[in-house]
Structures are given as structure tokens and as C-alpha cells.
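The values are calculated or read from the model by the stated rules, or taken from the named source; none is laboratory data. This is a predicted model, so every value here is computed, not measured. Every residue, glycine as well, gets a Cβ built from its backbone with ideal geometry; the counts of neighbours run over all protein chains shown.
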Amino acid sequence: MPYAEREFLYGVNFEFSYAMPQFLDTRWLIEMRPIVGWRKGDYEFIINPIVDFGIGQNGGADFAPAARFARNLSENFAVGLEYYADLGRPQDRLPFNEQQHNLYAVVDFKIGRFDVNAGVGYGLTHGSDRLMYKMIIGTDLNEGVSDKSSEGSKMLRGAPQSRLPGAKRTLTEPRYRKGR
């Protein structure tokens, strides 16, 4: 069964990044993003129980779960809601009012070979920014590859995809805030 037609999705994504000093107290980060998703008809629901690991001085683990519920209105257009949280360090959980809880109304569409995920968000707690905007632009680097290895690499990545052809995005929202 082609990946885009699967009802149950799973995988894990790892990211290694450098953060600028104005955003975090630690420079180097590793993000572990488990991915679990379900599709039924035109609907999809995806959960990411994300853990960020700061490396070095002031480092530590941070629990930042995310979720997405969307409806595909056509082959190249979807609308949905995305939720992002930053609950703080598992061993020293922040009080609810200091946690980040953000809800975004999002739209996904395709422009040529580029997939666009854009949205406007609202912070639900005092620890969140009040009004936020996001945009993710991606493309399939394997587009045009017709052998079976391309399909296999999509499955190994495990990234939940909308039914947008060539979509390669996972739930992603920067959570860079100094002093977390």
C-alpha cells in the first residue's frame, strides 16, 4: 500500500540544531519527535510527544508535545488545527500558567513543487505569546525519482504527511524561548 494511503502512521524524527543566545540558554539541541498518526477518509490526526535535549551548560530535557487535526478538502488543499505546548522539564514541571499552550488555525496547499503550511496562532496561557504566525515551506528532494527506493525512504522517515503530493513535513513549530 502506498504511504499516502496508509491509515496508521508512525515514526520518529531526530533534529540536531544550534540556537542563538537570545533564544535559549544552551547553544546545541537534539530534538526527538515520535510521530503517531491516523487517517480516515479526508481526516487526519497526528500526535508528537516531543522531547528536546539541551546539550552542555544549562542543558536538560524539555517536554513539548504537539498535535494536529486536519481535513483534506482537495488533493492540494487542507485546513486544520494544530496545538503546541511546552510543559518544561519533566523533573521540574512548570506551573500551568507558565507553560506554553498554543492553538493554530492552519492551511496546507501546494505551489508548484513546494508545500506550504501556514497559520495564525493564539497563546492560551500567560506563558505563551498572545498572537503568532507560522509558515513552513518544504519540497520533496526525491520528486521525479521513479524507483521503489524513493517509496521506501518515505516510509523510513515516518513523517506524517497530508495527502498533498510530495509533502514531507512533520508538525513543526519553533519553541525557542530564553530561560526555559
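Could you list, in sequence order, all residues of the range 37-58 that are free of Cβ contacts under 8 Å to residues at least 40 places away in the same chain and among the aliphatic types (A, V, I, L, M)? Within the range 37-58, Ile47, Ile50, Val51, Ile55 meet the criteria. Filtering Glu75, Glu44 for residues that are modelled with pLDDT of 95 or more, closer than 19 Å to Phe109 by Cα and of a type in the set (D, E, K, R) leaves a single hit, Glu44. Scanning the range 19-48 for residues being more than 18 Å from the chain's Cα centre (by Cα) and among the hydroxyl-bearing types (Ser, Thr, Tyr) gives a total of 1.
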